Amino acid sequence: PAWGLALAYDQLRGAPGAFGGLVSSSMTDKRTMLNGYAKLDKVKIGAGYMRRNNDGYAQSPRSDLWFIGASYVVDQWKFDAQYNKLKFKSGGEGAGQLMVLRGTYNLSKRTAAYASLGYVKNSGKAAFGVSSAQAGGVPLPGVNQIGFGAGLRHAF
């Protein structure tokens, strides 16, 4: 309960008509991930790294994702902060960095109010958004974006 580590390896193989550009059986999309966390009283800190080699993305098949985050719980409140960096290794695709601050207030065991503030910094041809927005909701390549979201969550 005070700490945890995980190592994972995932591989998708291609075939004619396959999703994500993996159009041949000789093509693969491989991911290796290492992550972990530690709890120190009311603070939980987690970090990880993922290497991806994706033959289906010809422009820049290799990428690295780094992330670190922390959460703090006090009474009904939970506060989180997280930093993520995704960097492509070739093709001038660039990198994206995402910083997020979140707050959640538990109204009951199943209902919570929450708010989230995010900032994404894109470089090169990277065009990441602060959320999985609808078409047209992501910034142009190399352009940064700020986003805010708030709402109520109820578990049935």
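The values are calculated or read from the model by the stated rules, or taken from the named source; none is laboratory data. Being a predicted model, the structure only gives us computed values, none of them experimental. Here the Cβ positions follow ideal geometry from the backbone for every residue, glycine too, while neighbour counts run over all protein chains shown. Keep in mind that these areas ignore ligands, DNA and RNA; they rest on the heavy atoms of the full protein, side chains included. Shrake-Rupley method; radii C 1.70, N 1.55, O 1.52, S 1.80 Å.
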- Item | Evaluation of VAL143 against (1) touching a Gly at 6+ places or on another chain (Cβ under 7 Å); (2) open to solvent by 50 Å² or more (accessible area, probe 1.4 Å); (3) free of Cβ contacts under 8 Å to residues at least 24 places away in the same chain; (4) within 16 Å of LYS85 (Cα to Cα) (one fails), failing number | (1)
- Keeping to segment 118-128, report how many residues are within 30 Å of GLN76 (Cα to Cα) and buried (at least 16 other Cβ atoms within 10 Å of the Cβ). 2
- In the set GLY137, GLY151, GLY142, which member is part of a loop (DSSP other than H, G, I, E, B) and either touching a Phe, Trp or Tyr at 6+ places or on another chain (Cβ under 7 Å) or at positive phi (or both)? GLY142
- Yes/no for LEU22 being under 24 Å from LYS87 (Cα atoms), in contact (Cβ under 8 Å) with a residue 24 or more places away in the chain and open to solvent by 80 Å² or more (accessible area, probe 1.4 Å): no
- Message: Name the residue that is nearest to ALA81 (Cα to Cα), counting only residues in segment 1-15 that are modelled with pLDDT of 90 or more and not in a strand (DSSP E or B).
- Response: ALA2
- Query: Just one of LEU101, LEU34, LEU117 is part of a strand (DSSP E or B) and over 20 Å from PHE148 (Cβ atoms); which is it?
  - Reply: LEU34
- Task: Scan segment 25-43 residue by residue and report those that are more than 26 Å from SER71 (Cβ to Cβ) and open to solvent by 50 Å² or more (accessible area, probe 1.4 Å).
- Result: SER25, SER26, LYS30
- Going through segment 44-75 in order, the residues found to be in a strand (DSSP E or B) and either open to solvent by 50 Å² or more (accessible area, probe 1.4 Å) or in contact (Cβ under 8 Å) with a residue 60 or more places away in the chain (or both) are LYS44, ILE45, TYR49, ARG51, ARG52, ASN53, ARG62, TRP66, ILE68, TYR72, VAL73
- Task: State whether one or more residues within segment 79-88 are part of a loop (DSSP other than H, G, I, E, B) and either farther than 23 Å from GLY129 by Cα or within 18 Å of the chain's Cα centre (by Cα) (or both).
- Result: no
